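Participant: Once you've had a glance at the structure underneath, I'll fire off some questions.
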Amino acid sequence: MTEKKESFIVWFLKYVLPPIAIVTLALLVVGLAITLAPKPDKKAPSTILPTVEIFEAKSASLVLEAKSQGTVQSRTETLLVADVSGRIQSISNAFFAGGYFKKGDPLIEIDPIDYRANLSAAKSRYAEARLAYEQEKALSEQAIEDWEELGKGEGSDLALRKPQLERAKALFESAEVGIEMAERDLERTVVKAPYDGRIREKFVDIGQNVSARQSQLARIYSTDTAEVRLPIALSDIQYLDLPESYSNISRGKPKPKVRISAKYGEKMHTWEGVIDRTEGAIDSQTRLSYVVAQIDKPYEKISGSDRPPLKVGLFVDAAIEGKRIPSAIRIPRQALREDDTVYVVDNENRLEFKTVSVYKTDTEWAIITGGLDDGDRVCLTPLEYAVMGMQVELDAETKIDLESVHTN
């Protein structure tokens, strides 16, 4: 027993006591470190306020606008077709796609030799018919005189040469019309521009044979005016003063202005025009009404400007001038909340809810006609949770803008 007890003591001292001593020492060191470590200063908990961006409301007289888009079209477009047959012997220097011309300019000349011969033959027939008519008229007058002197009763038409005179007159009138037709055909060998315009496409060239009323020569369009067909939602019509037409009333009001804009490269260009007319039907599928904008002199160069011509086929944006509101406030569309509510930040930077009267909205702006006052600071930042009287902090940039406004 004594040996076992001694061996147990040896085992305990060798294998158990060292780990216990090490753990005890480690705990003492950790406890001493915790006790001697500096204690952190206690701070009062801080409140994190939501930062908001604001917009200062200002009332003003506003002119409403309706936005639309469309494609530039020509007011007048014509497909030129040959009126006479023959070979094209010359063309104008402007006879190419994009070429400009003035009214009356010769565009194409067809070989006229055959038509000059036809005119000479028509004049010859006219001279013969006129001679025959004059002779028959003299014979008819003589027959009437002879019958009055020698005849008894009423003479027959044949005896008085009335049918012969009518036939001679008809031949004479036919020959007269023949000259007019020959002159017209000769004149039509030269195809002249019917108006100031531009060539969109050409289909023939010099040396080519064309057939009367069959061969297409070119497609041209006028350059005095350009048009843009613009769709308008029925909900936006109430904000515009469109040139509606009635069967019993002629419109005397000024036409609404429209601003056309398009981007060439990296630069935006604008053209001014008017709404010329409203189309007579509403699209049954889209439920849109269409108006036609008219832009005068779209191809003229403006001195000192690099604006390009308003070309046919160009896709453009349009802003149509609408009705005028004497006093209203325009705020960014993002500031309008549900149920026509607006968050306003008071002088103590607390939220206040205001219900407003919304006259019109679009993708960018909301027109407010009631519920807001000049100087109200409208909250633009969307808040996940908003409570009446909640404290907020103004965005740094907003503070700078407001300070500069008040300083000025």
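Just so it is clear, none of the values below were taken in a lab; they were calculated from the coordinates. Quick caveat: nothing in here was measured; it's all calculated off a predicted structure. Here the Cβ is made from the backbone with ideal geometry for all residues, glycine too, and neighbour counts use every protein chain on show.
Participant: Between LYS311 and ILE206, what is the label-to-label distance in nm when each label sits 7 Å out along the Cα-to-Cβ direction?
Facilitator: Placing both labels 7 Å along Cα→Cβ, they lie 2.7 nm apart.
Participant: Can you list residues from other chains, or at least 5 along the same chain, whose modelled amide H is less than 5 Å from the amide H of SER215?
Facilitator: It is ALA82, by chain and number.
Participant: Something else now. Subtracting the Cα-Cα distance from 0.36 nm times the residue separation, let me have the gained length for ARG350 to LEU150 in nm, one decimal. Spell out each step's value before the answer.
Facilitator: Numbers: separation 200, 0.36 × 200 = 72.00 nm, distance 12.71 nm.
Here the answer is 59.3 nm.
Participant: What whole-number volume per residue, in cubic angstrom, does the convex hull of the C-alpha atoms of segment 189-311 give? If you can, show how the numbers build up before the last one.
Facilitator: On the way: hull volume 29.1 nm³, N = 123.
Looking at segment 189-311, the number lands at 236 Å³ per residue.
Participant: Give the Rg (one decimal place) followed by the Dmax (whole number) of segment 80-221, computed from C-alpha coordinates and expressed in Å.
Facilitator: In order Rg, Dmax, the Cα atoms of segment 80-221 give 24.2, 79 Å.
Participant: Karplus couplings for segment 118-128 from phi (6.51 cos²θ - 1.76 cosθ + 1.60, θ = phi - 60°), rounded to Hz, Gly and Pro as x?
Facilitator: Per residue, the Karplus-derived 3J(HN,Hα) values read 5, 5, 5, 5, 5, 5, 5, 4, 5, 5, 5 Hz.
Participant: For THR381, enumerate residues with amide H under 5 Å from its amide H, sequence gap 5+ or separate chain, H modeled in the peptide plane.
Facilitator: Here the answer is GLU53, since their amide H atoms fall under 5 Å of that of THR381.
Participant: Going by average Cβ density within 10 Å per residue, which order do the peptides 188-201, 282-295 take, highest to lowest?
Facilitator: On the way: 188-201: 18.0, 282-295: 15.5.
Ranked from most to least packed, the peptides come out as 188-201, 282-295.
Participant: Follow-up. Using modelled amide H (1.01 Å from N, peptide plane; none on Pro or chain starts), what sits under 5 Å from the amide H of GLY371, excluding residues fewer than 5 places away?
Facilitator: Counting only residues 5 or more places away or on other chains, the set is SER357.
Participant: Would you mind putting 301-309, 123-131 in packing order, based on average other-beta-carbon counts within 10 Å, highest first? Before the final figure, lay out each step's value.
Facilitator: On the way: 301-309: 10.2, 123-131: 15.1.
The most tightly packed comes first, giving 123-131, 301-309.
Participant: Could you tell me the distance between the Cα centroids of segment 347-394 and segment 167-186, to the nearest Å?
Facilitator: 85
Participant: Which FRET efficiency value, to the nearest 0.05, do you get for GLU300 and LYS67 by plugging their Cβ-Cβ distance into 1/(1 + (r/R0)^6) with R0 = 41 Å?
Facilitator: Working: r = 26 Å, r/R0 = 0.65.
The computed FRET efficiency comes out at 0.95.
Participant: Follow-up question, since we're still on this one. If packing is taken as the average number of other Cβ atoms within 10 Å across a peptide's residues, how do 61-74, 92-105 rank, most packed first?
Facilitator: Values: 61-74: 17.1, 92-105: 14.0.
Most protected by this proxy first, the peptides run 61-74, 92-105.
Participant: State, to one decimal in nm, how far the label point of SER357 lies from the label point of LYS58, with both points 7 Å from Cα in the Cβ direction.
Facilitator: Simple spin-label model gives 2.3 nm for this pair.
Participant: Between ILE113 and ARG213, how high is the FRET efficiency from 1/(1 + (r/R0)^6) when r is the Cβ-Cβ distance and R₀ = 22 Å? Nearest 0.05.
Facilitator: Details: r = 21 Å, r/R0 = 0.94.
Efficiency, from the Cβ-Cβ distance: 0.60.
Participant: Something else now. What spacing in nm lies between the two simple spin-label points modelled at HIS269 and ARG167, each 7 Å away from Cα in the Cβ direction?
Facilitator: Taking the simple label geometry, HIS269 and ARG167 are separated by 7.1 nm.
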